[in-house]
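Each remark here refers to the structure printed beneath this line.
None of the figures in this text is laboratory data; all of them are computed from the coordinates on show. Keep in mind it's a predicted model, so treat the numbers as computed, not measured. Note that we place each Cβ from the backbone using ideal geometry, even for glycine, and neighbour counts take in every protein chain shown.
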Amino acid sequence: MIELDNLYAKLTRVKGALTVNQKQLNQCMRAKIDAKRVYESFTESSEHYTKQQFKRFLTSLIGREGQYIEKTKQSRTKAYRHLNDCNEALEKAFLEHERLENERNRLTTQLQALKQQLSETSDTYREEVLEAFSERKHWREVCEEIDEAFYIGQKILRYVDEAIDALDSAKSWSTVDMLGGGFITDLVKYDHIDKAESIMKKVEGSLIRYQEELKDVSYGWDSGYEYLSNSHRLMDFLLDNIFTDVSNYNKIQDNLSSLENLLNQMNTSQNRLSMLRKQIEKEIEQSLDLYDLDKNQS
């Protein structure tokens, strides 16, 4: 199978070069558009021309019209040259793109012919084709699990953001409470705290589902969120002094820190899932290139 591996390696390099070339094409196109816009700003048909005429009138009043005209000509010439350079770079990138596409198509045709030949002459290759088919089926199932877990993870991130917003508001009202707030301040503060705690119950339920979808993947998601007990709330309402106010403020701050920590954990986990899915997609693509006899067949 050395010939198959070598041919696929060449095809992979050409595909990589095409990806780089496409980025260059996009950059050249944007550069040409910008250069053309600058150059056209010096033409008489542009809106900019009227403004230039007014500048010429002003410079003529102070005896510097000649300097202004010469500077404008130089800028226009420079813009024209830059536009030409951009056109040349774009044309070069297009030619390279065409060359790489032709090379990719040639190698793809060769690879397809070689796969067909091996399928007719090699028992080992036929066994690998069957094994690869089974692997792709498993990988696609894993992708479905990853997608489901990622969707749940995105919901968790939204919930945590909402809980942080609610606690931020509670923290602000807690600050007011320490500065001399009263019963109404406590009511508003606990309204935001209740909202955060309600959201956190959704988060905890979603985290369980998240872990179930990931199955064998082990992560230690722990928000460390502390719910405020009814006795704690009653003490705050009844005593309502600086000690209970500071205690509440500290608990809110601790919970905010815990949620920020959970947010970081979830973002890290979601990024890992994205990277894992891309890797699996790459494995599936490679398997199809090497062992799917119908791929790229006209």
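The table that follows gives values for the structure above.
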| item | result |
| --- | --- |
| FRET efficiency for residue 276 and residue 140, using Cβ-Cβ distance with R0 set to 22 Å, rounded to 0.05 | 0.95 |
| Distance between modelled label sites at residue 175 and residue 12, nm, 7 Å Cα→Cβ extension | 5.5 nm |
| Stretchable slack from residue 151 to residue 133, in nm (0.36 nm times residue separation minus alpha-carbon distance) | 3.8 nm |
